[in-house]
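What follows draws every value from the coordinates through simple rules; no lab data is involved. Nothing here was measured: the structure is a model prediction, and the numbers come from that model. Glycine gets a Cβ as well: all are built from the backbone with ideal geometry, and neighbour counts include every protein chain shown.
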């Protein structure tokens, strides 16, 4: 009888240690999940800011201003503008 009690005690101890180890691992994984979710939120905010910045940099008026000021570009005169139609458009295809 004492032998069975010792075996049951050892089995109970092993189960308790397994439970504690499992709970500790679960807590660590949950904390890591929360950190990753927070990082994902921060990355979403940064992505939104980058999209806003990109749209600002690509505004037509800004591009035109830089072309005029830095590159000394200007629109050609209407007399110098020539419209070329594709060859397929004239043949009716």
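Computed quantities for the displayed model
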| item | result |
| --- | --- |
| Boolean, residue 61 is on the phi < 0 side of the Ramachandran plot, loosely packed, with under 10 Cβ neighbours inside 10 Å and part of a helix (DSSP H, G or I) | yes |
| Residue 84 surrounded by 10 or more Cβ atoms within 10 Å (Cβ to Cβ) and free of Cβ contacts under 8 Å to residues at least 60 places away in the same chain | no |
| Sole exception among (1) surrounded by 10 or more Cβ atoms within 10 Å (Cβ to Cβ); (2) at positive phi for residue 72, by number | (1) |
